[in-house]
1. Would you grab the residues whose amide H sits under 5 Å from the one on Leu92? Only those 5+ places off in sequence or on another chain, please, with H modelled 1.01 Å from N.
2. By count of other Cβ within 10 Å, fewest leading, how are Asp90, Asp63 ordered?
3. Pull out a ≥ b ≥ c, the square roots of the eigenvalues of the alpha-carbon gyration tensor of segment 19-220, then state rounded if a/c is under 1.5, prolate if not and a/b is larger than b/c, and oblate in the remaining case.
4. With only Lys, Arg, Asp and Glu charged, each at its Cβ (+1 for the first two, -1 for the last two), find how big the charge dipole of segment 19-220 is about the Cα centre; round to the nearest 20 debye.
5. Please order Tyr91, Tyr69, Tyr123 by the number of other Cβ within 10 Å, starting at the fewest.
6. When ranked by the protection proxy of mean other Cβ atoms within 10 Å per residue, highest first, what sequence do the peptides 166-172, 102-108, 114-120 form?
7. Using Cα pairs under 8 angstrom and six or more residues apart, how large is the relative contact order of segment 19-220, in percent?
8. Which distance in Å, rounded to a whole number, links the C-alpha centroids of segment 29-58 and segment 124-165?
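Here, each number is a calculation from the coordinates, and none is a lab measurement. Just so you know, these numbers come straight off a predicted model, no measurement behind them. Cβ coordinates were reconstructed from backbone atoms using ideal geometry, including for glycine residues, and neighbour counts include every protein chain displayed.
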Amino acid sequence: MFDKLIILDLRTQPSHLLPGLLTTERLKSFSDSVLLVAITILAYNLVPPSVVNGQVNPDEMKDFFYNLYGLISSFAVISVFWVFSMYFFDYLKYPTEIITLILIAFFVLILITPITTVAELRYRNWEGVAALSLLQIFNSMLLMLLWWIVGNRKNLQAKELDNRTKKKMFINLAIIPSLYVISTGLSFLNFDVAVIFPVIMIPALILAAKVHHKYKRGSDN
């Protein structure tokens with residue numbers, strides 16, 4: 001009798017544990033926490049340079065500006081990824097195991113972004129730019145994969161995901177890897193331009209797309 005009850009209990013348990021443990025709301029909260037941790041990692045390294053006999057240590061001053069720019073640039077890029085992930089959660093009804101694993105990989109890469117950014121600025125070579133570029137390309141590809149999965153499975157959609165929205169998201173996400181590929185090429189010519197280029201262009205192009213979309217909507221009306 002006892003054995004039968006155990007077998008019956010095992011049959012009633014869900015076959016997949018991850019979707020039951022990690023709901024969309026929990027993943028969204030976890031995403032917020034990842035953003036805060038990533039910013040904390042950079043802020044922790046932001047130490048003012050020491051002053052000896054009224055003179056600022058030039059090496060520490062250089063490291064300070066590297067960390068400051070790393071904080072600003074990483075915050076800008078991570079914020080863009082965070083906005084895209086929040087938009088994705090608006091369309092996600094519930095996460096599958098594949099979606100959960102992809103999101104975890106995405107969050108891990110986001111946490112590595114501040115460290116890679118600071119390393120790029122300290123080493124000041126094309127290898128550092130290429131490493132950061134590859135990291136952001138992987139991040140974009142993971143988000144594209146998430147949108148592709150949800151777009152092809154109606155049962156995962158909290159609200160209808162039309163082709164126009166999917167096209168817009170794929171175009172926006174394609175901007176990031178394209179800019180970082182160009183940044184890697186620029187690193188062979190001018191390191192400073194290569195570092196600043198994607199940080200300035202990513203928000204500028206997304207803002208331009210928003211303005212164009214509003215202008216087009218207004219002209220249609």
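1. Ala158
2. Ordered from fewest to most neighbouring Cβ atoms within 10 Å, Asp90, Asp63 come out as Asp90, Asp63.
3. Prolate, since a/c reaches 1.5 and a/b exceeds b/c.
4. Result for segment 19-220 is approximately 960 debye, rounded to the nearest 20.
5. Lowest to highest Cβ neighbour count: Tyr123, Tyr69, Tyr91.
6. In descending order of packing, they fall as 114-120, 102-108, 166-172.
7. 22 percent
8. Here the two parts' Cα centres lie 29 Å apart.
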